[in-house]
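Comments concern the structure below.
The values are calculated or read from the model by the stated rules, or taken from the named source; none is laboratory data. Owing to the predicted nature of the structure, the values given are computational and were not obtained by experimental measurement. Please note: Cβ atoms are built from the backbone with ideal geometry, for glycine as well, and neighbour counts cover all protein chains shown.
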Amino acid sequence: MLKMQNMISGLQLVDIKTGTVYKVDEMPTNNAAPKVISATEMVPEGEDREPAKIEIGETNVGSFRVPRGGWPTDTKIYNAIVADGILQIEGKDITMGAVVAKDVIKVFPGVVIFTANDTSVEGLEAVYAYTVVKDTMDKLGYMLAGRQVIEDSETRVVYGYSATKDVEVERDGKKVTKTIFDEAYIYVLTQDKVRELSLCDGDMEEDLEYDHENQFLGFDFDKVVIAQGDKYFYVPTIVTNSKTVVYDVYRISNEAEYDDAVEMPAPLTAVTQNNSNAKNLGLIFSGEGFVKIDDFVMKSDELKGYIYLAEAVRDRANYTSTYVLMDEEYNFKTIVRKSTKDRGDIVTIE
């Protein structure tokens, strides 16, 4: 049954007794639940007459219903908190029933996303969307507790979760504890769904009897690089004793999917599109003390911040390639790479 707190500008209402359709008039934006609101009749097509106007309050609001497609878009960003397991919107308690709220994790226009403890699976949190004007709750899915935010934008929140576990193995007749990779996920939260991607399905326990110098221990979500129109997420893997950094690349819109893997000599700081005349060179990778263009890696702290390729020219006759890099302030640096038979590449920065 409708309540006054459901009222919103543009809401269509059907008088249950007469079948007459009304639309709620413009309401003050600072009044979450007014005592009385006005509505104007939606005159059927072909009837040439003045629309009737009515007032709706607590005494008669229950005699109206919302027709299919009658809910307008609610653009308000509501103030929402959780207090003692109860969701509060604009300071008012929401009837929770059997749901015990834990935290508000995102507020979209008209929709509040919150978590609740789920007793069916240890470590999982249920995710609910509360649509304010409809006073309805929808369970969107589940996420593991302990996840961390990678990106929080107007339309989504991207989370990462990576965990290890300790297991006992036998070494020379003795039991020792070894840390191995357990599980990892990316979650994409929108106002209507939680989408989950498992990042590694391999069995990490199958070779516990061996000691590996380079052991995979998961993903470092603190150092993710987001690039290419915020669609590609470069997630560094954690590998012990590795001299390079391998990034798993995921394309993320409202869903996440694996795209590629790239290997870098040091941690990345930026990945930029190649908008120069040399389209064949692909993306430009910039990192701590290096720039990688195609298969060419130039190591120098002088190139910090020079993340855009402005021009690339190859002089085949003289075995020379020239790269012009640009920073955010339109400063330029030129890298000249000359190939020689007796001493390899000679690289200079101008």
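Look through Thr269, Thr164, Thr177, Thr190 and report the one residue that is under 25 Å from Ser300 (Cα atoms) and hydroxyl-bearing (Ser, Thr, Tyr). Please lay out each step first, then the result.
Working: Thr164 fails: under 25 Å from Ser300 (Cα atoms); Thr177 fails: under 25 Å from Ser300 (Cα atoms); Thr190 fails: under 25 Å from Ser300 (Cα atoms).
So the residue among Thr269, Thr164, Thr177, Thr190 that is under 25 Å from Ser300 (Cα atoms) and hydroxyl-bearing (Ser, Thr, Tyr) is Thr269.
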Residue within the stretch 55-72 that is touching a Phe, Trp or Tyr at 6+ places or on another chain (Cβ under 9 Å) and assigned to a loop (DSSP other than H, G, I, E, B) present: no
Count of the stretch 216-233 residues which are in contact with a Lys or Arg (Cβ under 9 Å, 6 or more places away or on another chain) and under 22 Å from Thr164 (Cβ atoms): 2
Ala83 vs. criteria of a type in the set (Gly, Ala, Ser) and touching a residue at least 12 places away in the same chain (Cβ under 8 Å): no
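Does Thr340 fit the bill of being among the β-branched types (Val, Ile, Thr), over 43 Å from the mean Cα position of the chain (by Cα) and either modelled with pLDDT under 95 or exposed (fewer than 13 other Cβ atoms within 10 Å of the Cβ) (or both)? First the steps, then the outcome.
Working: among the β-branched types (Val, Ile, Thr): yes; over 43 Å from the mean Cα position of the chain (by Cα): yes; either modelled with pLDDT under 95 or exposed (fewer than 13 other Cβ atoms within 10 Å of the Cβ) (or both): yes.
Judged against the criteria, Thr340 is a match.
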Qualifying residues in the stretch 202-243 (those that are modelled with pLDDT of 95 or more and of a type in the set (Ser, Thr, Tyr)) - the one surrounded by the most Cβ atoms within 10 Å (Cβ to Cβ): Tyr234
In the stretch 281-322, the residues that are within 15 Å of Pro265 (Cα to Cα) and in contact with an Asp or Glu (Cβ under 6 Å, 6 or more places away or on another chain): Gly289
Candidate set from the stretch 235-248 (those that are part of a strand (DSSP E or B) and over 17 Å from Gln148 (Cα atoms)); member that is farthest from the chain's Cα centre (by Cα): Val239
Matching residues in the stretch 138-153 - criterion: being touching a residue at least 40 places away in the same chain (Cβ under 8 Å) and in a loop (DSSP other than H, G, I, E, B): Arg147, Ser153
Of residues in the stretch 244-257 being surrounded by 14 or more Cβ atoms within 10 Å (Cβ to Cβ) and hydroxyl-bearing (Ser, Thr, Tyr), the one nearest to Gly160 (Cα to Cα): Tyr250
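Checking the conditions here, which among Val132, Val104 is of a type outside the set (Ser, Thr, Tyr) and modelled with pLDDT of 95 or more?
On the way: Val132 fails: modelled with pLDDT of 95 or more.
None of the others qualify; the one that does is Val104.
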In the stretch 88-136, the residues that are in contact (Cβ under 8 Å) with a residue 40 or more places away in the chain, out of contact with any Gly (no Cβ under 7 Å at 6 or more places or on another chain) and assigned to a strand (DSSP E or B): Ile89, Lys92, Ile105, Lys106, Phe108, Val111, Ile113, Ala129, Tyr130
Single match in Ile56, Ile8 (criterion: outside the structural domain of Val127 (by TED's automatic domain parsing) and closer than 30 Å to Ala116 by Cα): Ile8
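Can you say whether Met42 is modelled with pLDDT of 95 or more and of a type in the set (A, V, I, L, M, F, W, C), as far as the supplied structure shows? I'd like the intermediate steps shown before the answer.
On the way: modelled with pLDDT of 95 or more: yes; of a type in the set (A, V, I, L, M, F, W, C): yes.
It is true that Met42 is modelled with pLDDT of 95 or more and of a type in the set (A, V, I, L, M, F, W, C).
Looking at the stretch 323-350 only, could you name the residues that are among the basic types (Lys, Arg) and either within 22 Å of Val271 (Cβ to Cβ) or touching a strand residue (DSSP E or B) at 6+ places or on another chain (Cβ under 7 Å) (or both)? Talk me through it step by step, then tell me what you get.
The initial filter retains those residues of the stretch 323-350 that are among the basic types (Lys, Arg), namely 333, 337-338, 341, 343.
Listed by number, the residues that qualify are Lys333, Arg337, Lys338.
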